[in-house]
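*Asks:* Here you go, one structure.
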Amino acid sequence: MYKYILFDFDGTVFDTVEGITKSVQYALAKRGIAAELDSLRCFAGPPLVDMFMEKFDLSQEEAEAATDDFRERYQPIGLYECRVFPGIKELLRSLIDAGLHVGIATSKPQHLAEELLEGEGMLELFEVISGSDSDGHNNSKAAVLTRAMNALGADRKETVLVGDTKYDVFGAHRCGIKCIGVEYGYAAPGELAAAGADYILPDIPALESFLIG
């Protein structure tokens, strides 16, 4: 059905929620804001400045400062508090064996995504890795998707994004492509359906069956 398969990173390929939520909690604590880790799962994936503004009503300037403090903990510590979702490597190899083109489109800084993938020996499983700049700019889902599709020479009708939150759905639709929402990631109950995900799948085996048949 689809020839070009683009994957979100956080919550879809890697389970990064521990390092992200602990680093957000660290940044908030510096501002006297207490927050439970479970309440911060929504920060795994979307642009951080946007999330600080949306969830804690920070100004643009305050959110940018909070993001700097997030990185103070995340880059030396939180980045490595993660794991590959079980079954993802096997899925990617199956997609490649089926002749499909596979890439990453993430709001995460590209060099950090590449570092984690390299550590797991997964760089060669992706034809393109498109992420935000090292300073976090150019981080909208639509922007990273557009760069990934251009690099692959992908036809929109033959392209689908696999993601786990409403931000993936919105970004895919802005680019004129379909989105598969996976329920093993970080979306709140009902979030993917409410966002208008074109397909919603529960787990990696279901994803493989859908993409390969």
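*Asks:* With just the Cα atoms of region 61-105, tell me how far they stretch along each of the three principal axes, in Å, largest first.
*Replies:* 47, 21, 12
*Asks:* While we're looking at this one, here's another question. For a label point 7 Å from the Cα of residue 29 along Cα→C-beta, name the residues of region 50-76 whose backbone N is under 17 Å from it.
*Replies:* Flagged as within label range: 66-76.
*Asks:* Is there a pair in 89/166; 141/166; 22/89; 3/157; 89/157; 108/157 whose C-alpha atoms are over 21 Å apart, and which pairs would that be?
*Replies:* As for pairs spanning more than 21 Å Cα to Cα, those are 89/166; 22/89; 89/157; 108/157.
*Asks:* Evaluate the chain: find the radius of gyration of its Cα atoms, find its Kirkwood radius, and give the ratio Rg to Rh.
*Replies:* My calculation puts Rg/Rh at 0.95.
*Asks:* So how much slack lies between residue 158 and residue 123, counting 0.36 nm per residue of separation and subtracting their Cα-Cα distance, in nm?
*Replies:* The span from residue 158 to residue 123 would gain 10.3 nm if fully extended.
*Asks:* Name the residue farthest towards the positive end of the dipole of region 85-213 from the options 170, 185, 104, assuming +1 on Cβ of Lys and Arg, -1 on Cβ of Asp and Glu, about the Cα centre.
*Replies:* Final value for the positive-end residue is 170.
*Asks:* Consider all pairwise Cα distances in region 162-210 and report the whole-number % of them above 12 Å.
*Replies:* That fraction is 53 percent.
*Asks:* With every protein chain left in place, what is the accessible area per residue of the chain in square angstrom, probe 1.4 Å?
*Replies:* The answer is 44 Å² per residue.
*Asks:* In what sequence, highest mean first, do 56-64, 139-147 appear when ranked by Cβ atoms within 10 angstrom?
*Replies:* 139-147, 56-64
*Asks:* So, one more: Please report, in debye to the nearest 20, how large the charge dipole of region 31-174 is about its Cα centre when each Lys and Arg carries +1 at its beta carbon and each Asp and Glu carries -1 there.
*Replies:* 480 debye
*Asks:* Here is a further query. Between residue 174 and residue 56, what length in nm is gained on full extension when 0.36 nm per residue of separation is reduced by their alpha carbon distance?
*Replies:* Result for the pair: 39.9 nm of gain on full extension.
*Asks:* Let me ask another. How large is ³J(HN,Hα) for each residue in region 170-181, as worked out from phi by the Karplus curve 6.51 cos²θ - 1.76 cosθ + 1.60 (θ = phi - 60°), to whole Hz, x for Gly and Pro?
*Replies:* 4, x, 4, 5, 5, 8, x, 10, 7, 10, 9, x
*Asks:* Additional query: So what's the angle, to the nearest 10 degrees on a 0 to 90 scale, between helix 141-152 and the longest Cα principal axis of the chain?
*Replies:* Roughly 40 degrees between the two axes.
*Asks:* Here is a follow-up. For region 101-213, what is the charge dipole size about the Cα centre, in debye to the nearest 20, if Lys and Arg each add +1 at the Cβ and Asp and Glu each add -1 at the Cβ?
*Replies:* 580 debye
*Asks:* On to the next question. Could you please state how large a percent of the accessible area of the chain is carbon and sulfur, counting protein chains only and using a 1.4 Å probe?
*Replies:* Answer for the chain is 49 percent, counting heavy atoms of protein chains only.
The values are calculated or read from the model by the stated rules, or taken from the named source; none is laboratory data. The model shown is predicted, which means the values in this text are computed figures rather than measured ones. Ideal geometry is used to build each Cβ from the backbone, glycine not excepted, and the neighbour counts take in all protein chains shown. Note: accessible area is taken over every heavy atom of the protein model, side chains too, but ligands, DNA and RNA are not part of it. Shrake-Rupley method; radii C 1.70, N 1.55, O 1.52, S 1.80 Å.
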